[in-house]
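The values are calculated or read from the model by the stated rules, or taken from the named source; none is laboratory data. Quick caveat: nothing in here was measured; it's all calculated off a predicted structure. No Cβ is skipped: glycine too gets one built from the backbone with ideal geometry, and neighbour counts run over all protein chains shown. Ligands, DNA and RNA are excluded from the accessible area calculation, which covers all protein heavy atoms including side chains. Shrake-Rupley method; radii C 1.70, N 1.55, O 1.52, S 1.80 Å.
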Amino acid sequence: MDYYLISPTAGDLSPAALLVEEFVLCDDYTAAGIDGAEWQPEIGAWSASAELSRAIRADSALRGRVTPVSRQEAAAAFARLGGGGLPEEAGLRTLFQERRHLPTTAPLNLGSGSAARRYRILFAGELGEDGLANARTALRLEPTDHPRVVGKASVSAGGHGFTWELRRIGAGIAWCVDVTARLGSGPVTALGALLHHHRQVMREQGLIPVTVERFA
């Protein structure tokens, strides 16, 4: 699950609300939706969060008040906000009231001779110099000559071959990690684990994941 603190104003470190989200994934690890719930201390209750989930990805001003945090940090904030002990994740799932559905399309058929899958993990937000440096290290990126590609890396894991790139989209509008998976005979769960890892790496640098798409 992903946890976010919502502050009353940008730059204010005191949380005014807590948002809990979980991506709903298809069998091929693309995103079909986002479940979530918002803790509102003024009413002392959890509420539906689909609109807030959409807004933090679309509204840069609101996004300036959002801080991605770990579960441990979320639990501490939840206690400060009068909620007591943060429920376990199984309990939090029972509080999800409304799913934010994400558009899904069938991947393009780029030829029956190719066993590769191509994914894009899309993020909203901006990366500062420290965040960019941390992302380069965590994703083990090597420099490229492309002006919008921060770096590229490859690895073999679980019987599969994976290559990924960190890209800028527009002038600070968004970021993405593009992943090419050449699947072998090993369990496909290795692909899901890699996509999850890359999504969390970028989230730890302050970006907000928008979706996981598949192009092939």
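Table for the structure above
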{"quantity": "Directionally averaged projected area (convex hull, Cα atoms, the chain), nm²", "calculated": "12.8 nm²"}
{"quantity": "Pairwise FRET efficiency - Leu102 versus Phe215, Cβ, R0 = 22 Å, nearest 0.05", "calculated": "0.90"}
{"quantity": "Region 1-54: GluC sites (Glu not before Pro) in DSSP coil with no more than 11 other Cβ atoms inside 10 Å", "calculated": "Glu42"}
{"quantity": "Cα gyration tensor shape of region 82-204, rounded if a/c is under 1.5, else prolate or oblate by comparing a/b with b/c", "calculated": "oblate"}
{"quantity": "Mean-position separation - Cα centroids, region 151-171 and region 174-214, in angstrom", "calculated": "9 Å"}
{"quantity": "Residue (of Ser49, Ile6, Ala32) at the positive-pole extreme of region 1-50, dipole from beta-carbon charges", "calculated": "Ile6"}
{"quantity": "Contact order relative to length of the chain, as percent, for alpha carbon pairs under 8 angstrom and 6 or more apart", "calculated": "21 percent"}
{"quantity": "Residue-averaged 222 nm ellipticity for the chain, from DSSP H runs of 4+ at -39500 (n - 2.57), nearest 500", "calculated": "-7000 deg cm²/dmol"}
{"quantity": "Residue list for region 66-82, given a label point 7 angstrom along the Cα-to-Cβ vector of Asp12 and an amide N cut-off under 14 Å", "calculated": "66-67"}
{"quantity": "Pairwise FRET efficiency - His197 versus His146, Cβ, R0 = 30 Å, nearest 0.05", "calculated": "0.85"}
{"quantity": "Thr163-Ala76 FRET efficiency (beta carbon distance; Förster radius 35 Å; 0.05 resolution)", "calculated": "0.35"}
{"quantity": "Inter-site label distance for Ala116 and Ser154 at 7 Å from Cα along Cβ, in nm", "calculated": "1.0 nm"}
{"quantity": "For region 143-216: rounded, prolate or oblate by the Cα gyration tensor [a/c cutoff 1.5]", "calculated": "prolate"}
{"quantity": "Rounded accessible area per residue of the chain, 1.4 Å, Å²", "calculated": "50 Å²"}
{"quantity": "Within the chain: Cβ-based charge dipole about Cα centre, in debye rounded to nearest 20 (Lys, Arg +1; Asp, Glu -1)", "calculated": "620 debye"}
{"quantity": "Apportionment of accessible area to carbon and sulfur, the chain, percent (1.4 Å)", "calculated": "51 percent"}
